[in-house]
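The values are calculated or read from the model by the stated rules, or taken from the named source; none is laboratory data. Source: prediction; values computed, not measured. Neighbour counts are summed over all protein chains in view; Cβ atoms, including those assigned to glycine, are modelled from backbone coordinates with ideal geometry.
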Amino acid sequence: MQLSTKHLLGIKYLTKGDLQLIFETADGFKEVINRPIKKVPSLRDITVANMFFENSTRTRISFELAEKRLSADIVNFSASASSLKKGESLLDTVNNVLSMKVDMVVMRHPAPGAPQFLARHIDANIINAGDGTHEHPTQALLDAYSIREQLGDFTDKKIAIFGDITHSRVALSNIFCLKKLGAKVRVCGPPTLIPKYLPQLGVEVAHDVRETLEWSDVANVLRIQLERQDIKYFPSLREYSQYFGINKALLDNLGKKVLIMHPGPINRGVELTSDVADSEHSIILQQVENGVAIRMAVLYLLAARK
């Protein structure tokens, strides 16, 4: 079996069969990364360029580790130290890298649609590692994979996404992914941070944190993205935390266990208190571990499409 697409530009372009194939492949790679010798030679003849035009720690390290575990050759490109600062275009930069015979490009860019633009112009496989406020497909895949590990089937499972939906590429990719897998999805946050179009995607919208936690099996809590906010969407972080933050007392009063997830980095004391982030409810560290297995699966499956 193989993926229906040559690139991973967004969850929107994947089929349910693609999602299942990625998860099943990740199962095998998860077993590999828990062995004493964690490398396999699957991408020994493949060169991967990691092109990050925006700051990243978790995603970049996770991709680099996945590539090394698969024995790929790696070229790391940092926009802050590149000729983009001198006015070179995105296409020129990438073509220069490709002239070095690169097979795959993992790209993060602040402009929505940048990976799609590249895919139309160059021959390498493109993996979108986050484009502006649009999509972050591998984060959604590892989130869904982590839920699958805990709950099994997605049918009629209730997943709530809390927080800054407007500025989050994670939210949109998660919505596409979870809906394709058959889950029920709800978003919860201040009205100012929830886009008006979400009901058109078959998503419920709520503003009451306690009631939404009572409804849900899983709470995926997003970071407040202050760096993307050019106006004030709520009075203060303290007030946000009071009305939309999740604390241990709130969870303890539910009378059931709700899985807590977070794509990181966490603003501790704002969207989650430390005693929730570090509690038995949390699968945040499992998400990080699963990120490497999922990215190994994506790289491996796309390399097979060359």
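With respect to Ile266, is the statement that it is assigned by TED's automatic domain parsing to the domain that holds Arg169, modelled with pLDDT under 95 and either farther than 20 Å from Leu213 by Cα or surrounded by 15 or more Cβ atoms within 10 Å (Cβ to Cβ) (or both) true? Spelling it out, Ile266 is indeed assigned by TED's automatic domain parsing to the domain that holds Arg169, modelled with pLDDT under 95 and either farther than 20 Å from Leu213 by Cα or surrounded by 15 or more Cβ atoms within 10 Å (Cβ to Cβ) (or both). Is one or more of the residues making up segment 128-141 farther than 26 Å from Ile224 by Cα and either free of Cβ contacts under 8 Å to residues at least 60 places away in the same chain or of a type in the set (S, T, N, Q) (or both)? Scanning segment 128-141, I find no residue that is farther than 26 Å from Ile224 by Cα and either free of Cβ contacts under 8 Å to residues at least 60 places away in the same chain or of a type in the set (S, T, N, Q) (or both), so the answer is no.
In segment 155-174, the residue that is nearest to the chain's Cα centre (by Cα) out of those that are under 20 Å from Ile284 (Cβ atoms) and hydrophobic (A, V, I, L, M, F, W, C) is Val170. Listed by first and then second residue, the pairs linking a residue in segment 184-198 that is more than 10 Å from Asp164 (Cα to Cα) to a residue that is at pLDDT below 90 and surrounded by fewer than 17 Cβ atoms within 10 Å (Cβ to Cβ), with Cβ atoms under 9 Å apart and 6 or more places separating them unless they lie on different chains, form an empty list. Checking Ser62, Ser56, Ser42, Ser78 one by one, the residue that is hydroxyl-bearing (Ser, Thr, Tyr) and free of Cβ contacts under 8 Å to residues at least 60 places away in the same chain is Ser78 and no other.
Being in contact with a Cys (Cβ under 9 Å, 6 or more places away or on another chain) and not assigned by TED's automatic domain parsing to the domain that holds Gly17 holds for only one residue in Ile147, Ile161, and it is Ile161. Taking the conditions exactly as written (more than 14 Å from Glu211 (Cα to Cα), modelled with pLDDT of 95 or more, of a type in the set (A, V, I, L, M, F, W, C) and assigned by TED's automatic domain parsing to the domain that holds Val187), does Leu259 satisfy them or not? So Leu259 passes the test.
Check whether at least one residue in segment 12-35 is surrounded by fewer than 18 Cβ atoms within 10 Å (Cβ to Cβ), farther than 29 Å from Lys180 by Cα and either over 15 Å from the mean Cα position of the chain (by Cα) or free of Cβ contacts under 8 Å to residues at least 24 places away in the same chain (or both), and report yes or no. Checked against the condition, which is being surrounded by fewer than 18 Cβ atoms within 10 Å (Cβ to Cβ), farther than 29 Å from Lys180 by Cα and either over 15 Å from the mean Cα position of the chain (by Cα) or free of Cβ contacts under 8 Å to residues at least 24 places away in the same chain (or both), segment 12-35 yields at least one hit.
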